[in-house]
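The values are calculated or read from the model by the stated rules, or taken from the named source; none is laboratory data. What you see is a predicted model; the values in this text were computed from it and never measured. Glycine also receives a Cβ, built like all others from the backbone with ideal geometry; neighbour counts cover every protein chain displayed. In case anyone asks, the SASA skips ligands and DNA or RNA and just uses the protein heavy atoms, side chains included. Shrake-Rupley method; radii C 1.70, N 1.55, O 1.52, S 1.80 Å.
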Amino acid sequence: MYTRQNQKNLTSAQKKRFVAAVLELKRDGTYDTFVRTHDRWFVPDRDSKLRVGHMSPSFFPWHRRYLMEFENKLRALDPGVSIPYWDWTTDSSPVSSLWAEDFLGGTGRATDRKVMTGPFAHDTGNWTVRVGVSEAPYLTRNLGRPNNPIKLPTAAELQWALDATVYDADPWDSTAPDGFRNRLEGWAAPRTERWRNHNKVHQWIGGHMTGGTAPNDPAFWLHHAFVDLLWDRWQAKHPGAGYLPVRPLPLGDLQRGRVLALDEPMPPWNVTPRELLGHQGVYRYEP
Ligand code: CU
Ligand code: CU
């Protein structure tokens, strides 16, 4: 059992060890395999294929397993490392310590969004982007989108998601009118806003974080560790509610074969949402 810490409490030695393990996975090719896996399962709901990772109920369990796989690789290199989480409702500034030279590095420069500082800067660090062929080989960011400003989700916006009394709802996609999953994943939004919560954070970071190859930016892991923690919070708040749908959708339902029920295996790991409803005995979150 290990602990995932709030990134703001990491010591500089802990930041160094996390960064070193990430850079080593990048060097040996493991990291890019993870980026490819994410991109492979980044299926929007306009496609009539299975959507396992996004715009579907298995958004939470799929990313939980994905993070655990990545964390296992980090811990094989350094057993003292785990994925820190980033609470974006409180650490909401583009100049917070998260984006400092000794951790994730800062935003991209104005001309081409190229990240110029920190260990993941192409020119001065050890980070070449290889997955996402139409993109340049350097990491890009546009923190806060200065030209078209966007703010990170507020505590009230997050609370709106945590207050949902059901896990997910028909039609189980980005248009689901209610449910914790779509409110937190962030497609369900008032008309005045296009993004909420999880999606808004991807947009606020900008650059690589806005597409299927988002894990090219190591910020991805810290963002999704917080999303994973929020699933725990929702479960604790609604002990009588659980993952939906419980059973595979009936014949004639347009979403049949496109979303996974509680006991259906999730590719690429052959593990079911039920097996990922908790993470007891594996890791815990520092409060
Ligand atoms: Cu994802
Ligand atoms: Cu995401």
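Structure summary
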{"read-out": "Relative contact order (%) - criterion: Cα under 8 Å, at least six apart; region: region 153-225", "value": "19"}
{"read-out": "Calculated Rg and Dmax of region 2-285 using C-alpha coordinates, Å", "value": "18.2, 56"}
{"read-out": "Net charge contributed by nearby residues that have their C-beta within less than 10 Å of Lys8 (K/R +1, D/E -1)", "value": "-2"}
{"read-out": "Rounded to the nearest 10 Å², the accessible area of Thr128 at probe 1.4 Å", "value": "50"}
{"read-out": "Apportionment of accessible area to carbon and sulfur, region 2-285, percent (1.4 Å)", "value": "52"}
{"read-out": "R0 of 25 Å, Cβ-Cβ distance Glu24-Ala100: FRET efficiency to nearest 0.05", "value": "0.75"}
{"read-out": "Separation in nanometres of the label points that stand 7 Å from Cα toward Cβ, at Thr89 and Ser12", "value": "3.2"}
{"read-out": "Ranked order, Lys49, Lys114, Lys151 - accessible area, probe 1.4 Å, largest first", "value": "Lys151, Lys49, Lys114"}
{"read-out": "Label-point separation, Trp195 to Arg130 (7 Å along Cα→Cβ), nm", "value": "2.8"}
{"read-out": "Relative contact order of region 2-285, defined on C-alpha pairs under 8 angstrom at six or more residues apart (%)", "value": "22"}
{"read-out": "With at most 14 other Cβ atoms within 10 Å, longest stretch of the chain clear of loop GluC sites (Glu not before Pro) (DSSP)", "value": "1-100"}
{"read-out": "Accessible surface, per residue, of the chain when the full set of protein chains is kept, probe 1.4 Å, Å²", "value": "43"}
{"read-out": "Straight-distance crosslink candidates among aspartates and glutamates, where the alpha carbon sits under 14 Å from Lys8 and sequence neighbours closer than 8 are dropped", "value": "Asp87, Asp91, Asp102, Glu286"}
{"read-out": "Net +/- balance of residues flanking Asp78 in space, Cβ distance below 13 Å, scoring K and R +1, D and E -1", "value": "+3"}
{"read-out": "Under 15 Å from the Leu254 label point (7 Å along Cα→beta-carbon), backbone N, region 150-178", "value": "170-177"}
{"read-out": "Cβ-defined net charge surrounding Ser92, 14 Å radius [Lys, Arg +1; Asp, Glu -1]", "value": "+1"}
